[in-house]
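Here the structure comes first, spelled out in structure tokens, and everything after it is commentary.
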Amino acid sequence: MNWIVLVLSGCMEAVWAIALGKSDGFTKLVPTVVFILGMIASMAGLAYAVKSLPTGTAYAVWVGIGASITVIYGMLTGSEPISTAKVLLIIGLIGCIIGLKLVSETH
């Protein structure tokens, strides 16, 4: 259960990061509200996960998921240029996240 919550909170990290970019310095109401709610949900999920997972592993997975989704979203919407190197690096990052799960032992 803790891994599921961690993955979902990593997804919520991408939500708040994308909303932050769309908030225009917190001058747009809806993206600002989405940012705040996304950040609360993301942090709550991370806090739950670190109760039973090593903090370093949980944090690396959380950030990796959030960063991967944010970059992929940017490439799909055209706000981030697509390159072969970026795609390969994102695939590598996702592979590392999966690897951390495979070698992780809960404490």
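The values are calculated or read from the model by the stated rules, or taken from the named source; none is laboratory data. Keep in mind that this is a model prediction, so the values were computed, not measured. We place every Cβ from the backbone using ideal geometry, glycine too, and count neighbours over all the protein chains shown.
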(message) When you check ILE69 against the structure, is it hydrophobic (A, V, I, L, M, F, W, C) and surrounded by 15 or more Cβ atoms within 10 Å (Cβ to Cβ), yes or no?
(response) yes
(request) Among residues belonging to segment 40-85 that are within 15 Å of the chain's Cα centre (by Cα) and among the polar types (S, T, N, Q), point out the one that is modelled with the lowest pLDDT. (result) THR57
(request) Quick one: in segment 79-107, of everything that is outside any helix (DSSP H, G or I) and charged (D, E, K, R), which residue is farthest from MET12 (Cα to Cα)? (result) GLU105
(request) Those residues that are farther than 19 Å from ILE72 by Cβ and either in a helix (DSSP H, G or I) or in contact with an Asp or Glu (Cβ under 6 Å, 6 or more places away or on another chain) (or both), I need them from segment 1-16; list them, please. (result) ASN2, TRP3, ILE4, VAL5
(request) Mind telling me which of the residues LEU89, LEU93, LEU37 ends up being surrounded by 15 or more Cβ atoms within 10 Å (Cβ to Cβ) and either more than 29 Å from GLU105 (Cα to Cα) or modelled with pLDDT of 95 or more (or both)? (result) LEU93
(request) Sort out which residues of segment 40-78 are free of Cβ contacts under 8 Å to residues at least 12 places away in the same chain and part of a loop (DSSP other than H, G, I, E, B), and write them in order of number. (result) VAL50, GLY78
(request) Restrict the check to segment 17-37 and report whether at least one residue is among the acidic types (Asp, Glu) and either touching a residue at least 24 places away in the same chain (Cβ under 8 Å) or in a helix (DSSP H, G or I) (or both). (result) no
